[in-house]
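*Asks:* Would you mind keeping the following structure in view while I ask a few things?
The values are calculated or read from the model by the stated rules, or taken from the named source; none is laboratory data. All figures in this text were calculated on a predicted structure; none of them were measured in a lab. Don't worry about glycine lacking a Cβ; one is built from the backbone with ideal geometry, like all the others, and counts go over all protein chains shown.
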Amino acid sequence: MTQLTQYGFHVDTRKCSGCKTCQVACKDKNELNPKVLWRRVYEYGGGRFSILDSNKGTYTNNVFAYNVSISCNHCGDPVCLAACPTGAIHKRQANGLVVLDSSICIGCESCSKACPYDAPQLDATQGVMTKCDGCYELVEQGKKPLCVTSCPLRALDFGLMEELRERYPGATTGDIYPLPSSHITKPNLLVTHNVSSSRNDGSIMNPREV
């Protein structure tokens, strides 16, 4: 069946301060295991200082840093769905959100191994995979996901993809470091870049947090 309706996320890296309120709100709402993160905030940065004039003791630098908040991207081509051997993962026709039915999940982690965004995560306590469901029950009430409404700087937005594209005409489709290429899964994610977020010479600065 053809997917006609598709919701997705927008993240504005000019506004995200890395406060992780979105992450905390998500964990609280879904009562997630401490080791499970459905939404993660990547701190990406790099550059260095260089001596400009050794006699004067002056320096120049090309240092940069920015934050990217990411959850499941409810992809147009969800490889997690294709990799699931039991059919526990499906894409909802009403809104295009990719959800996981834990009652038929066997915890094999095939979906996690396939997903380049690390969206499906194992809850070792229950022995099943878990993932962001886009707060579909709120969406069906005409509301936005809690991660979006909790953001104090309004760096996140959510809605129909065609409406998000009109609202943020300068945004790109999911391509920003350190995320993988959008060509792999066709993520329903739009990113508004800041002045530094086209740089690719940095690294993830908080690897233990994501």
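*Asks:* Can you pull out the strands (runs of 3 or more DSSP E) entirely within segment 17-62 that have at least 2 residues that are acidic (Asp, Glu) and surrounded by 12 or more Cβ atoms within 10 Å (Cβ to Cβ)?
*Replies:* Qualifying strands (runs of 3 or more DSSP E): none found.
*Asks:* Consider residue 90 against the criteria (1) in contact with a Ser or Thr (Cβ under 9 Å, 6 or more places away or on another chain); (2) closer than 27 Å to residue 162 by Cβ; (3) modelled with pLDDT of 95 or more: it satisfies all of them except one. Which criterion is unmet?
*Replies:* (1)
*Asks:* Something else: Take the residues of segment 171-186 that are among the hydrophobic types (A, V, I, L, M, F, W, C) and surrounded by 17 or more Cβ atoms within 10 Å (Cβ to Cβ): which is farthest from residue 46 (Cα to Cα)?
*Replies:* Among residues in segment 171-186 that are among the hydrophobic types (A, V, I, L, M, F, W, C) and surrounded by 17 or more Cβ atoms within 10 Å (Cβ to Cβ), the one farthest from residue 46 (Cα to Cα) is 171.
*Asks:* Since residue 137 meets every condition but one in (1) among the acidic types (Asp, Glu); (2) part of a loop (DSSP other than H, G, I, E, B); (3) surrounded by fewer than 16 Cβ atoms within 10 Å (Cβ to Cβ), which condition does it not meet?
*Replies:* With respect to (1) among the acidic types (Asp, Glu); (2) part of a loop (DSSP other than H, G, I, E, B); (3) surrounded by fewer than 16 Cβ atoms within 10 Å (Cβ to Cβ), residue 137 is out only on (2).
*Asks:* Quick one: in segment 39-71, which of the residues that are of a type in the set (S, T, N, Q) and in contact with a Ser or Thr (Cβ under 6 Å, 6 or more places away or on another chain) is nearest to residue 155 (Cα to Cα)?
*Replies:* Applying the filter and picking the extreme gives 60.
*Asks:* Taking the condition of being in a loop (DSSP other than H, G, I, E, B) and either farther than 24 Å from residue 100 by Cα or acidic (Asp, Glu) (or both), how many residues in segment 140-180 meet it?
*Replies:* 14
*Asks:* Taking segment 117-133, which residues are surrounded by 16 or more Cβ atoms within 10 Å (Cβ to Cβ) and part of a loop (DSSP other than H, G, I, E, B)?
*Replies:* 117, 119, 120, 131, 132, 133
*Asks:* So residue 76 fits all but one of (1) under 14 Å from the mean Cα position of the chain (by Cα); (2) in a loop (DSSP other than H, G, I, E, B); (3) closer than 15 Å to residue 117 by Cβ; what number is the exception?
*Replies:* (1)
*Asks:* A follow-up question, please. If you go through segment 72-84 one residue at a time, do you hit one that is of a type in the set (D, E, K, R) and touching a Lys or Arg at 6+ places or on another chain (Cβ under 6 Å)?
*Replies:* Looking for residues that are of a type in the set (D, E, K, R) and touching a Lys or Arg at 6+ places or on another chain (Cβ under 6 Å), one finds at least one in segment 72-84, hence yes.
*Asks:* State all residues of segment 63-73 that are touching a residue at least 60 places away in the same chain (Cβ under 8 Å) and either over 23 Å from residue 187 (Cα atoms) or in a loop (DSSP other than H, G, I, E, B) (or both); if no residue qualifies, say none.
*Replies:* 64, 65, 71, 72, 73
*Asks:* Is at least one residue of segment 90-97 surrounded by 16 or more Cβ atoms within 10 Å (Cβ to Cβ), touching a Cys at 6+ places or on another chain (Cβ under 8 Å) and not in a loop (DSSP other than H, G, I, E, B)?
*Replies:* no
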